[in-house]
Structure formats: C-alpha cells, structure tokens
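To keep things clear, I will list the structure first and then write my remarks on it.
The values are calculated or read from the model by the stated rules, or taken from the named source; none is laboratory data. Small disclaimer: the values here were computed from a predicted structure and weren't measured. When we count neighbours, we look across all protein chains shown, and the Cβ atoms used for this are built from the backbone with ideal geometry, even at glycine.
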C-alpha cells in the first residue's frame, strides 16, 4: 500500500511538472523590429552590449553612418503582458563625440524609462527574450562588443576590436587593426586576407570548443598557439620553425616564427581543438 501511495505521489509530481512546462511553452510570442540610422564619422568607436540571448552581426560599409536593425522576440502568457514587455525590451543609445554605445534593455538590467520600471509587474521578470542585431558601420571603425549567448559575425571593418561573449559561434573576417577577443564556449572562425594584412596584434582566446584560424601562406608574424588543458593543435604550416630552438612544437604548444616574423598573434584554447589552416592561393 505504501508503495502504491509513493508511486501515485511520484506520478502526480511528474504530471504537475509536465503541466507547468507545457503551460510555459504555450507562452504567446511577439517579434518586433526596431531600426535606427544616423551619421557617424569614420575612425569612431561603436560599443554594443547585447542581450543575454541573441546574435550580433556587424558589417562595414562605405557610408559614414551607422544603421541598426534589431529583431526583438518576447514571450509572455497574455497579449497584455506582451504589451508591457514590448515597452521595455529594446535598445538604448548613448552618444558622445566619436563614440556611440548600443545597450540592450530588458528585464535583466532595467535600462530606459524609469517610470515604466516602477510599475513593472514582478511576475514578468525572468521571461525569455532575445535580440538579434544587424549593424552597419563605417569601414574604418573601432568595435567594443559584449555578447551573451548567440552568434557573432564581423566582416568588412578595419579597426581595433574588443570582443567578449559567454557562448557563441563567432566568425571574424579581419582586414586590419587589432583584435582582443575572449569567448567562453562555442566555435571561433578567424579569416585573414590572403595578401597583406594591415594589422598590429591578434589575441583570441576560447575557453571551450574549436578555434579555426585561416591564415595566408605568406604570413609574417610571431605566433603563439596554445592548448591550456586538454585537446590538440592541428597545423597545416609544416614549414614554420620554433622561434627558440630549445622550445620545440608539441600538440599543445607552438611558439613560431612565421615568414619574417613581426606582428604578434596569439591563439589560445582552454579545452578543445585549435586548427591553423592555410588559405589556398587564388588561381
């Protein structure tokens, strides 16, 4: 009898959990697109603080302007709740001379209109939302990007990049300048031009996952590649030599002089795989 009572209680508990989850999954959804466009001179700095979840795509273009497209997805039990969330889930701009910051606003940080937050229902805190950004910037522009969980894609921009993300599949097409990037988990794919790269430093770190660096055969750099815990380096550059004869290459460490040396490049993976791939020469 006790076993039956226990079984019934267990089944009832599971049923309640399933019912609660099904109710959560039946939240109504709404997608909102918000845009903005304004003049912005080349050589300035764009700072972007993403939402806890959502992708970030930044593309260089020949115009001296910034164009923002944000796809905002919110969830809530009712239409009335969606209206409340729609008013506070957005992005906020902070502008100063030569610098603009795009900051995601939502229930995680309560930016924006303070009057709205004073009346905001506590029952709506913690509901899922995401913001996907597509931002067009001048070709010559510095970037400071902080993402949560979501893909990051940067191309066609020449400048100094600072990038950080908790979890991301990150794709970086480098033209010139410098880059310092730290990604928690996911993949990182870096491509450098097959000819001259007008850059001064590269430092990219991935805590867990796979990093792939596509490098030109003619590259000249002082390159440090390392696996900190577990995993291995896969290199297509069999012609590279150690910068110091007493420090040979291993599966987890390469301190190399590529070509004539020069520009410092550092690729680091905590746990995972680091691939150094050779870009095929065009026919």
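The table below lists the values:
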| item | result |
| --- | --- |
| Residue selected from the stretch 223-277 under the condition modelled with pLDDT of 95 or more and at positive phi, by the criterion surrounded by the most Cβ atoms within 10 Å (Cβ to Cβ) | 272 |
| Residue count for the stretch 123-141, restricted to those that are assigned to a loop (DSSP other than H, G, I, E, B) and surrounded by fewer than 22 Cβ atoms within 10 Å (Cβ to Cβ) | 5 |
| Lone unmet requirement of (1) over 28 Å from residue 61 (Cα atoms); (2) in contact with a strand residue (DSSP E or B) (Cβ under 7 Å, 6 or more places away or on another chain) for residue 216 | (1) |
| Residue match in the stretch 174-181 (condition: part of a strand (DSSP E or B), farther than 20 Å from residue 264 by Cα and at pLDDT 95 or above) | no |
| Check on residue 43, at positive phi, surrounded by fewer than 18 Cβ atoms within 10 Å (Cβ to Cβ) and outside the structural domain of residue 200 (by TED's automatic domain parsing) | yes |
| Residue that is surrounded by the fewest Cβ atoms within 10 Å (Cβ to Cβ) [pool: residues in the stretch 145-172 that are part of a strand (DSSP E or B) and over 11 Å from the mean Cα position of the chain (by Cα)] | 155 |
| Qualifying positions in the stretch 40-62 - at pLDDT 95 or above and more than 18 Å from residue 106 (Cα to Cα) | 40, 44, 45, 46, 57, 58, 59, 60 |
